[in-house]
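Everything below concerns the one structure shown next.
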Amino acid sequence: LATSHRIQSENLPMTPRFSIVIPTFDRPLKLDRAIQSCLAQSLAPAEVLIIDNGNNPETARIVEAHRSHCATFPIRYQQSQRFDVRKALATGIQYAQSEWTILLDDDDFLVPSRLHIDAKKIECTQPNDLAILHDFVRIDYHNDLVWEHRMGHKALSLKDALVLDNM
């Protein structure tokens with residue numbers, strides 16, 4: 001899952017700023033890959049927020065290792081109520097400080113041009129637009145395609161798109 005959501009629609013800067021919110025639950029190695037995909041963006045995010053609703057101490061160590069080596073943008077870490085991804089997402093959205101928020105599951109990752117693509121799409125949005133929905137693919141750990149969803153092949157309302165595949 002990786003959706004972009006506008007939290008404010010007026011007085012946007014020339015280049016949109018993105019907060020990336022990653023809720024995580026006891027999957028530090030997968031989280032590590034998700035954070036690496038944020039660091040590899042061709043357009044740097046304004047911030048990355050890790051919302052931890054698990055209890056694996058390795059999660060905080062992974063976040064701290066990335067935080068200590070990233071001078072481009074802040075990587076913030078916040079505990080959330082245990083075992084509740086909805087609270088973790090709400091916490092991340094609450095603390096996000098940018099005009100746009102990207103929700104990224106801890107076992108997903110962003111292609112390196114994702115924020116650049118979003119910034120280009122934002123240039124075409126209207127003031128009342130709330131979300132940008134992307135194609136997404138599921139790949140295994142050998143980078144083989146498992147499943148794909150192409151938005152261009154779907155005629156969805158916003159409500160349908162937001163509940164698709166548990167979005």
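Those strands (runs of 3 or more DSSP E) of the stretch 1-96 in which 1 or more residues are more than 20 Å from F109 (Cβ to Cβ), open to solvent by less than 60 Å² (accessible area, probe 1.4 Å) and at pLDDT below 95 occupy 2-6. Note on the stretch 112-135: among residues that are of a type in the set (A, V, I, L, M) and either open to solvent by 80 Å² or more (accessible area, probe 1.4 Å) or farther than 28 Å from K30 by Cα (or both), the one that is modelled with the highest pLDDT is I122.
The values are calculated or read from the model by the stated rules, or taken from the named source; none is laboratory data. Just so it is clear, the model here is predicted, and its values are computed rather than measured. Neighbour counts are summed over all protein chains in view; Cβ atoms, including those assigned to glycine, are modelled from backbone coordinates with ideal geometry. Side chains are part of the model used for accessible areas, which takes the heavy atoms of the whole protein and leaves out ligands, DNA and RNA. Shrake-Rupley method; radii C 1.70, N 1.55, O 1.52, S 1.80 Å.
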